[in-house]
Amino acid sequence: MTKNHFPTGGRLICGAREISQDEVMARARRAASGFDRLGVRENQTVAFFLRNDFAFIEAALGANMIGAYGVAINWHFTAEEAGYVLRDCAAKVLVVHADLLPQIDAGLPEDLLVLTVTPSAEIRAAYGPGQAPDRAVRRTQDWETFLSDSLQWSQPPRAQRANIIYTSGTTGRPKGVRRPPSDDTVSARVREVIATSYGIHPGEPLRTIITGPMYHSVPNIYGLHCARTAGSLVVLQPRFDAEDLLRLIQTHRITNIHLVPTMFVRLLNLPEAVRRKYDLSSLKRVVHGAAPCPPDIKRRMIDWWGEVINEYYCATETGPAVYHTSQEALRKPGTAGKPLPWATVKALDPQGAEVPNGEIGEIFIRIADYPRFTYLNRPEETAAVKRGDLVTVGDLGYFDADGYLFLCDRAKEMIISGGVNIYPAEIESVLMTLPGVADCAVFGIPHAEFGETVCAHIQRREQSDVSEQQVTAFLAARIAKYKLPRVVVFEDRLPREDSGKIFKKRLRQPYWDAVGRQI
């Protein structure tokens, strides 16, 4: 553990609330002691079902101090979805915003210890009053009481562990990405990768805003590293709002920020008068990733904010391996960038041979001395994404003659909507249990703001009159809202390949042809 785990002199802000880094770390040490008192041991897990809030950082750092893994769960999940993750990771403790508990209470393991965080005024303003329980939920302990009853952890911090992030797969169930504790060599490489890709340098205070939900991989890494960079100012935005972001940049003289392309679109959609209203001259380093950024959107953002915008390409499993600057984006529109010095990135054919420049292959990645991963409880699926020490997440792309990577498809048909990964197989598996549905195909179609949105083509059973409203209501009770199809089409018969597999490309292609671009 580095000395940066105990920062001083900085501040965290969320709306009208402000807390010093010293106080955050003192509360994190109380959380560490409290988790230990509850029986959490090294290599065990503490789960968070929280929006962006001080408690998220306190709980995550506290778990890390005692050598436990934090597990950040998407707070949009239903009881069934959250319950699966909690059982899969064998969570000992759950820290949850109190108003979200009724949403998942029915799916929680019986022996799970639950700590509830009272939503702040900023959280309530951003998301409403929350869900009122229709019955008495399980016995819980209040987060503030839990901290006040705990002494500060006084033992040396244990070997650093990254939070476990769950990333869905084509099997329809999320997979937890788990890494072993970092030794000194690995920790040094992680710091180097984070400094280059995200602009977070140990010992160099920055002023930033956490815009994306911290249950996602990069906002989680970015937010926690910024929070423990001594002397930094970290503003938590409970929910992204384009004009509010501009206001916060001006008010707090923000220097560094992480965004996703959907946020660029929302910013550019603001009226010109609003965009010109704010002083953004303090910005020094803007990084983005999570989804492809259309070249026109990138160019317009650079025209507006200047050549401070940088892009990385990575996956939860691999870490950032490819990177480029504004100047390179203007010179090579549409590129994902060039491999970083410590990264090996290859485009391979199905037999594992490297393809020539200009030819499309599946992208495989390795970062030297970077912590290796396994999918928790999924050894076969871990092995399936590897070729030797190279890892793929199913993206297809090619290198040009200058060594720049261009992504052009996703071998696993993943939908990226607003920077969020959505997997059709999960939605299809639920949809097939709806009476009246004979078969279905779920895929991504273009969306002006989110990049892609979910579309479902459905073949009814004979004499069935199942409707779009019934489909939506059925799915809404079983999967998170952001996964719901925004377009539902009923087909007399779904097209099939010779193998019998549904010919998704034939269904999907007209949507992309209509906007003049490919997925």
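Scan the range 426-444 for residues that are under 17 Å from residue 505 (Cα atoms), open to solvent by 10 Å² or more (accessible area, probe 1.4 Å) and in contact with an Asp or Glu (Cβ under 8 Å, 6 or more places away or on another chain) and jot them down. Hits for the range 426-444: nothing passes. Among residues of the range 105-129 that are within 26 Å of residue 45 (Cβ to Cβ), those with a beta-carbon under 7 Å from a residue that is polar (S, T, N, Q) at least six positions away or on a different chain give the pairs 114/140; 115/140; 115/141; 116/140.
Taken residue by residue, the range 84-91 has no member that is open to solvent by 40 Å² or more (accessible area, probe 1.4 Å), on the phi > 0 side of the Ramachandran plot and of a type outside the set (Gly, Ala, Ser).
Restricting attention to the range 65-83, the residues that are open to solvent by 10 Å² or more (accessible area, probe 1.4 Å) and closer than 15 Å to residue 224 by Cα add up to 0. Which count do you get for residues in the range 434-486 that are of a type outside the set (Phe, Trp, Tyr), touching a strand residue (DSSP E or B) at 6+ places or on another chain (Cβ under 7 Å) and touching a residue at least 60 places away in the same chain (Cβ under 8 Å)? Selection size over the range 434-486: 8. Among the helices (runs of 4 or more DSSP H) confined to the range 244-362, the ones with at least 3 residues that are buried (at least 21 other Cβ atoms within 10 Å of the Cβ) are located at 261-268.
On the basis of being at pLDDT below 95, charged (D, E, K, R) and either touching a Ser or Thr at 6+ places or on another chain (Cβ under 7 Å) or within 27 Å of residue 220 (Cα to Cα) (or both), does residue 307 make the cut? No: the conditions fail for residue 307.
Restricting attention to the range 387-409, does a residue exist that is basic (Lys, Arg), surrounded by fewer than 20 Cβ atoms within 10 Å (Cβ to Cβ) and in contact (Cβ under 8 Å) with a residue 40 or more places away in the chain?
no
The residue that is modelled with the highest pLDDT, counting only those in the range 92-146 that are polar (S, T, N, Q), in a loop (DSSP other than H, G, I, E, B) and open to solvent by 50 Å² or more (accessible area, probe 1.4 Å), is 118. Filtering the range 19-43 down to residues that are in a helix (DSSP H, G or I) and touching a Pro at 6+ places or on another chain (Cβ under 9 Å), which residue is most open to solvent (accessible area, probe 1.4 Å)? If we take residues in the range 19-43 being in a helix (DSSP H, G or I) and touching a Pro at 6+ places or on another chain (Cβ under 9 Å), then 22 is most open to solvent (accessible area, probe 1.4 Å). Looking at 85, 46, just one residue is modelled with pLDDT of 95 or more and part of a helix (DSSP H, G or I), and that residue is 85.
Just the residues that are out of contact with any Gly (no Cβ under 8 Å at 6 or more places or on another chain), modelled with pLDDT under 90 and over 19 Å from residue 512 (Cα atoms), please, taken from the range 442-465.
Selection gives 462, 463.
The values are calculated or read from the model by the stated rules, or taken from the named source; none is laboratory data. What you are looking at is a predicted structure, and each value in this text was computed from that prediction instead of being measured. Quick reminder, even Gly has a Cβ in these numbers, built from the backbone with ideal geometry, and neighbours come from all protein chains shown. Ligands, DNA and RNA are excluded from the accessible area calculation, which covers all protein heavy atoms including side chains. Shrake-Rupley method; radii C 1.70, N 1.55, O 1.52, S 1.80 Å.
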